[in-house]
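Worksheet: one structure, shown below.
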Amino acid sequence: MHFEVLTLFPEMIENTFMTGITGRACLEGIVSLNTVNIRDYAVNDYGSVDDYTYGGGAGMLMMCEPVYNAFLKAKENTGNKAERVIYLTPQGERFTQRHAKEFSGEEALILLCGHYEGIDERVLSKIVTDNISVGDYVLTGGELPALIVMDAVTRLIPGALGNGASPEDESFSDGLLEYPQYTRPGVWKDMEVPQILMSGDHKKVGQYRVREARKRTMERRPEMYEEYLRKRGIY
């Protein structure tokens, strides 16, 4: 998987992504990252990439030409293999594990980070294939949402989590939140690890974890639990 990120702050993307699991995945060649600084394609010597909006209103809007030329460069960097261009916007479809799985099947992804009041609609309509939101709130730019999407996608690439680790055991992988987990010591501040987890009976442990995952999902995300039941024809 190769990521191309169109941004005004490449160092924000690079410094964050090149740490932890995602950074290790890059070093091991499982994923790769390149950033394209939209400001490098400014329309004048002052580095301007934004202008006032037609019709008036507060704030500035990112212009078509710098964004489009940055996109062409990113497309070239992927060898024209990137079929999806993801625009991070609060107006987009809510990002879920389903999107992460879908995106993980791509050979390359281009992610577009907006700023100011957004980006001229004309260039968005020309290049964007997916409008994605990470939640119903407004951030100062698309960099943090882009990092969230790349992190979620990277975890699904084989080998990214290391040997023996599987994303299939984690929250949302089967429509449920993850069951509670424990480590040593067996007793901490008078709270004990459930005995069944120390029984050595893998079948019973598995059944216990499914019960706890269902219980936790029902309590914390009832709408998710209803969807889980509906898909299984339980009601």
Requested in this report: Check whether at least one residue in region 22-35 is touching a Pro at 6+ places or on another chain (Cβ under 7 Å) and either closer than 17 Å to Glu107 by Cα or touching a residue at least 60 places away in the same chain (Cβ under 8 Å) (or both), and report yes or no.
Outcome: yes
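Quick one: in region 88-116, which of the residues that are of a type in the set (D, E, K, R) and in a loop (DSSP other than H, G, I, E, B) is surrounded by the fewest Cβ atoms within 10 Å (Cβ to Cβ)?
My answer is Glu107.
Right, Ile119: over 15 Å from the mean Cα position of the chain (by Cα), crowded, with 16+ Cβ neighbours inside 10 Å and not charged (D, E, K, R) or not?
On the way: over 15 Å from the mean Cα position of the chain (by Cα): yes; crowded, with 16+ Cβ neighbours inside 10 Å: yes; not charged (D, E, K, R): yes.
Yes: the conditions hold for Ile119.
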Report task. For region 3-22, name all the residues that are in contact with a helix residue (DSSP H, G or I) (Cβ under 8 Å, 6 or more places away or on another chain) and crowded, with 17+ Cβ neighbours inside 10 Å. Result -> Phe3, Glu4, Val5, Leu6, Thr7, Leu8, Phe9, Met12, Ile13, Thr16, Phe17, Thr22
**Report entry** Total residues in region 59-99, condition touching a Phe, Trp or Tyr at 6+ places or on another chain (Cβ under 6 Å), more than 21 Å from Ser133 (Cβ to Cβ) and in contact (Cβ under 8 Å) with a residue 60 or more places away in the chain
**Finding:** 1
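Values in this text are rule-based calculations from the coordinates and carry no lab data. The structure presented is a predicted model; accordingly, all values stated were derived computationally and were not measured. Because the Cβ atoms are built from the backbone with ideal geometry, glycine has one as well, and the counts that use them run over all protein chains shown.
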